[in-house]
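Input: a single structure, listed below in structure tokens.
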Amino acid sequence: MRDGAPMSTTNARQDLETMGWFWGLKPARQEVVEEVWNRLGSKEFRKFKDFILALKQGDYSGAANALKGSKLALDEDGARDVRGWVRIMLSGEYVA
């Protein structure tokens with residue numbers, strides 16, 4: 001397990017719910033943020049400052065760009081997930 005990595009989705013949700021900006025996100029965007037938190041763990045998620053700042057500002061294009069430029073997009077599986085997350089982040093809706 002990665003340092004600071006969650007044991008469950010509940011841990012992610014509990015941590016994210018302490019961040020006021022999280023409540024202002026559409027459910028689909030909340031789910032993306034939760035998935036990112038699960039991949040990174042709490043400690044690394046909090047270091048993802050460009051992503052968090054963009055979300056706080058409602059700059060979903062900026063958040064999508066932060067995802068595309070992140071270490072999450074480096075491997076094949078991560079890149080596929082990031083592509084889906086970017087579409088959701090930009091639209092605010094679940095995308096097939």
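Values in this text are rule-based calculations from the coordinates and carry no lab data. Quantities reported herein were computed from a predicted structural model and do not represent experimental measurements. All Cβ positions, glycine included, derive from the backbone under ideal geometry; neighbour counts span all protein chains shown.
Some points to look at:
- Using a Gaussian network model of the chain in which every pair of alpha carbons under 10 angstrom is joined by a spring, one finds that among G69, G20, G58 the greatest mean-square fluctuation is at G20.
- When the chain is treated as a GNM with alpha-carbon contacts under 10 Å, the residue of W23, W37, W85 showing the greatest mean-square fluctuation is W23.
- The range 1-92, dipole about Cα centre (Lys/Arg Cβ +1, Asp/Glu Cβ -1), debye to the nearest 20: 200
- Across the range 69-75, coupling constants 3J(HN,Hα) worked out from phi with the 6.51/-1.76/1.60 Karplus curve, θ = phi - 60°, read x, 8, 5, 5, 8, 6, 9 Hz, and Gly and Pro carry x.
- Most mobile of R39, R80, R29 in a GNM of the chain (Cα contacts under 10 Å): R80
- Among the GluC sites (Glu not before Pro) in the range 34-96, those placed in a DSSP loop whose Cβ has at most 16 other Cβ atoms within 10 Å are E93.
- Length-normalised contact order for the range 9-91 - Cα pairs under 8 Å, 6+ apart - percent: 26
- Cut-off 14 Å between beta-carbons: net charge of the residues surrounding S91, Lys and Arg +1, Asp and Glu -1: +2
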